[in-house]
Amino acid sequence: MLSPVLLTVLMIFQGEKAKTQTTKALDCGAGIGRITKLLLTTVFDSVDLVEQNPNFVKHAPAYLGEDKARKVERFICSGLQSFTPEPGRYDVIWIQWVLGHLTDEDFIAFFKRCKEGLRPNGIVCVKENISFGDEPEFDEKDSSYTRPRETLMQLFAKTGLNLLKEEKQKHFPKELYEVRMFAFQ
Ligand SMILES: C[S@@+](CC[C@H](N)C(=O)[O-])C[C@H]1O[C@@H](n2cnc3c(N)ncnc32)[C@H](O)[C@@H]1O
């Protein structure tokens, strides 16, 4: 499941013309650190992880294992709505399957803070589900919204970031939400 993403990342970050460095990444809404373990620590020298659920943060080091946990400099327990990335710290800010938990207002404000958190030539990467219809769909079980692509694009347009690349996840079962990846600068 992660390999197409990894390929995209490598294309963007490590292609001949890539200017983005691979020094430091931030994993947002990281859970127990799945993306950090399978992707970010394989590409970046060092990773910070931010997650709202203290239980996930607590168990992340054991899940990551000793070698990968050593690459994580900061395990941060915070909601993205109240988290400010340290200015100029990150080559990549990775935001996967968490934006549905933010209100539109918090979404826009968080991306504006992310913009400030980037190092020169840094990139914000988003991977998110896309709703089937034209309206956001609310999931009562995990209190999250799945937004239509159009709604996401309208929100992104208000963040001050520019879209570099968009890709639809291929070979995904039709009965599941479409998944899209976006890279911004
Ligand atoms: C579907 S999981 C995705 C985890 C990880 N990004 C991945 O792809 O494996 C969503 C994660 O976002 C976290 N989360 C929910 N609301 C959040 C918020 N407001 N700020 C930060 N994390 C949040 C949840 O606790 C959960 O770990």
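Legend: ranking of residues E175, E135 from fewest to most surrounding C-beta atoms inside 10 Å; resulting order E175, E135.
In a simple Cβ point-charge model (Lys, Arg +1; Asp, Glu -1; nothing else charged), region 41-90 has a dipole of about 60 debye relative to its Cα centre. The residues F172, F156, when put in order of fewest to most other Cβ atoms within 10 Å, stand as F172, F156. Per the Debye formula on identical point scatterers at the alpha carbon atoms of region 62-151, with no solvent, log10 I(q)/I(0) at q = 0.11, 0.16, 0.24 Å⁻¹ is -0.39, -0.78, -1.25.
Extension gain for R74 to E137 (0.36 nm times residue separation, less C-alpha to C-alpha distance): 19.3 nm.
Going from the residue with the fewest nearby Cβ atoms within 10 Å to the one with the most, H171, H101 rank H171, H101. At full extension, R180 and K112 could sit 22.4 nm farther apart than now, given 0.36 nm per residue minus the alpha carbon distance. Placing +1 on the Cβ of every Lys and Arg and -1 on the Cβ of every Asp and Glu, with nothing else charged, gives region 4-184 a dipole about its Cα centre of roughly 680 debye. Over the residues of the chain, the helix contribution to mean residue ellipticity at 222 nm works out to -8000 deg cm²/dmol, using -39500 (n - 2.57) for each DSSP H run of at least 4.
Each 10 Å bin, from zero up to the one with the longest distance, holds this percent of the alpha carbon pairs of the chain: 9, 38, 39, 13, 0.
We did not get these values from a lab; they are worked out from the coordinates using the rules stated. Owing to the predicted nature of the structure, the values given are computational and were not obtained by experimental measurement. Using ideal geometry, Cβ is built from the backbone for each residue, glycine included, and neighbour counts are taken over all protein chains shown.
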